[in-house]
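Comments concern the structure below.
The values are calculated or read from the model by the stated rules, or taken from the named source; none is laboratory data. The model shown is predicted, which means the values in this text are computed figures rather than measured ones. Note: ideal-geometry Cβ built from the backbone for every residue, glycine included; neighbour counts use all protein chains shown. To get the accessible areas, we keep the full protein, side chains included, count just its heavy atoms, and leave off ligands, DNA and RNA. Shrake-Rupley method; radii C 1.70, N 1.55, O 1.52, S 1.80 Å.
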Amino acid sequence: MGHTGGESVRRLPHIAHGVAIDSNVAMSRCESCIIGKHPRQPHPTSQSPPASRFLELIHSDLCGPIPVITPHHKRYFIIFLDD
């Protein structure tokens, strides 16, 4: 998920008919891209031993509500991950 970068936009007139880009206008910067590229501190290491059996420890993450509804009219999703 994302969008094309400034360099790709500048190449568009060379590969697509009818596209004009004013090279005198500065490209704006995407705040979400800038924040996403910032370095982050690593997660602390776990003090507990890793799971030794299948489905002994499950991690989950719930995401939503998502602003764009899916074709099945869903706005949330959940992920389950076996340790």
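Could you please let me know if I66 is free of Cβ contacts under 8 Å to residues at least 40 places away in the same chain and touching a strand residue (DSSP E or B) at 6+ places or on another chain (Cβ under 6 Å)?
Details: free of Cβ contacts under 8 Å to residues at least 40 places away in the same chain: yes; touching a strand residue (DSSP E or B) at 6+ places or on another chain (Cβ under 6 Å): no.
Answer is no for this residue.
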Tally, over segment 27-59, of residues that are assigned to a loop (DSSP other than H, G, I, E, B) and either touching a residue at least 60 places away in the same chain (Cβ under 8 Å) or surrounded by 10 or more Cβ atoms within 10 Å (Cβ to Cβ) (or both) = 5
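If a residue has to be in a helix (DSSP H, G or I) and either within 30 Å of D83 (Cα to Cα) or open to solvent by less than 100 Å² (accessible area, probe 1.4 Å) (or both) to count, how many in segment 1-26 make the cut? Break it down stepwise before answering.
Taking segment 1-26 and keeping what is in a helix (DSSP H, G or I), we get 6-15.
Those left that are additionally either within 30 Å of D83 (Cα to Cα) or open to solvent by less than 100 Å² (accessible area, probe 1.4 Å) (or both): 6, 8-9, 12-13.
So the answer is 5.
Return the total of residues in segment 60-69 being surrounded by 10 or more Cβ atoms within 10 Å (Cβ to Cβ) and at pLDDT below 90.
Residues flagged as surrounded by 10 or more Cβ atoms within 10 Å (Cβ to Cβ) and at pLDDT below 90 within segment 60-69 amount to 1.
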